[in-house]
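*Asks:* First, the structure itself, so that you have it in front of you.
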Amino acid sequence: TQPTTPTQPAGSTASNGAQVSGWAKDRVNVALSNNLAPAGLGNDYRGNITRGQFAATAVKLYQAMGGQAGATGASSFTDTTDPVILQAADMGFVSGVGGGKFSPDALVTREQAAVMLSSVYTKLGGEIPAVAATSFADDGDMAGWARNAVAFMNSKEIITGVGNNNFSPKGDASIEQALLISLKMFETLK
């Protein structure tokens, strides 16, 4: 006999036909109805989101919250010419990873997501207070440039911890989680 391989649960289908986890379906559909999902997310939202996809999500959130996206300038990155990523960079939502690179296919970390969303908020006129540290037990694992954003997003219950008073700043986020935190920001801060 052949060994059986475990299969991922089938999940549910969002209103746009994408596969989502059952627990996320209703909120993902609300995010879709508020035009928060950019093109290029694929058809399975249970997978991890890339830096390029999250940059596009940040632009969609900014537009949904009443911001006007400007024209795209010349690329400041050597590894992408994607106009949405360049637009996100021009608006200050994203920055590179060093060496003139953006790394669009790298997975976005939770702390990067907090910084990108905070940048959307400040572009809309909001202010992010400075903090010396967050209240998370893994604050020492967090990049200094992310602390203010993480503390703010957590205080607004937009991006919260992962349990046991940890934030998991270097952890990944799924596409459905990215849409849900975008929706939470849209509902909380618009």
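The values are calculated or read from the model by the stated rules, or taken from the named source; none is laboratory data. Keep in mind it's a predicted model, so treat the numbers as computed, not measured. Cβ coordinates were reconstructed from backbone atoms using ideal geometry, including for glycine residues, and neighbour counts include every protein chain displayed. Remember, those area values only see protein heavy atoms, side chains included, never the ligands or the DNA or RNA. Shrake-Rupley method; radii C 1.70, N 1.55, O 1.52, S 1.80 Å.
*Asks:* What length, rounded to one decimal in nm, is gained on full extension from residue 127 through to residue 69, with 0.36 nm per residue of separation minus their alpha-carbon distance? Please list the in-between numbers first.
*Replies:* Details: separation 58, 0.36 × 58 = 20.88 nm, distance 1.97 nm.
Result: 18.9 nm gained on full extension.
*Asks:* Sticking with this structure for a sec: How high is the relative contact order of the chain, in percent, with contacts defined as C-alpha pairs under 8 Å that are six or more residues apart?
*Replies:* Numbers: 284 pairs, mean separation 45.4, N = 190.
Across the chain, relative contact order equals 24 percent.
*Asks:* At a probe size of 1.4 Å, how large is the accessible area of residue 75, to the nearest 10 Å²?
*Replies:* Solvent-accessible area, nearest 10 Å²: 50 Å².
*Asks:* Something else now. Find the centroid of the Cα atoms in region 132-190 and in region 51-78, then give the distance between the two in whole Å.
*Replies:* What the calculation gives is 20 Å, centre to centre.
*Asks:* Return the long-range amide H neighbours of residue 12 (sequence gap of 5 or more, or a different chain), with a cut-off of under 5 Å between placed amide H atoms.
*Replies:* HN-HN under 5 Å from residue 12: 20, 21, 22.
*Asks:* Per residue of region 131-136, in order, report the coupling 6.51 cos²θ - 1.76 cosθ + 1.60 (Karplus, θ = phi - 60°) as ³J(HN,Hα) in whole Hz, putting x for Gly and Pro.
*Replies:* 10, 7, 7, 8, 8, 6
*Asks:* So what are the ³J(HN,Hα) numbers for region 45-62, from phi and the Karplus equation (6.51, -1.76, 1.60; θ = phi - 60°), rounded to whole Hz, Gly and Pro as x?
*Replies:* Karplus values, whole Hz, x for Gly and Pro: 7, 7, x, 6, 8, 8, 4, x, 5, 6, 4, 5, 5, 5, 5, 4, 4, 4.
*Asks:* Something else about it: Non-local amide H neighbours of residue 44 (under 5 Å, H modeled in plane, Pro and chain starts lacking H): which ones?
*Replies:* Hits under the 5 Å cutoff: 19.
*Asks:* Which cross-chain or sequence-distant (5 or more) residues have an amide H under 5 Å from the amide H of residue 101, H modelled 1.01 Å from N in plane?
*Replies:* Sorted by chain and number, the residues that satisfy this are 78.
*Asks:* Given a Förster radius of 35 Å and the C-beta distance between residue 44 and residue 101 as r, what FRET efficiency does 1/(1 + (r/R0)^6) yield to the nearest 0.05? Don't skip to the answer; put the middle values down first.
*Replies:* Working: r = 27 Å, r/R0 = 0.76.
The formula returns an efficiency of 0.85 here.
*Asks:* Would you work out what percent of the accessible area of region 72-190, with all protein chains in place, is carbon or sulfur (probe 1.4 Å)? Provide the component values of the computation, followed by the final result.
*Replies:* Details: 2560 of 5420 Å².
C and S fraction of accessible area: 47 percent.
*Asks:* Let me ask something additional. Write down the accessible area per residue of the chain in Å², having rolled a 1.4 Å probe over the full set of protein chains. Please list the in-between numbers first.
*Replies:* Values: 9260 Å² over 190 residues.
Heavy-atom accessible area per residue stands at 49 Å².
*Asks:* Residue-wise, which Karplus ³J(HN,Hα) couplings in Hz belong to region 35-41, taking 6.51 cos²θ - 1.76 cosθ + 1.60, θ = phi - 60°, and x for glycine or proline?
*Replies:* With the stated coefficients, region 35-41 comes to 6, 9, 9, x, 5, x, 8 Hz.
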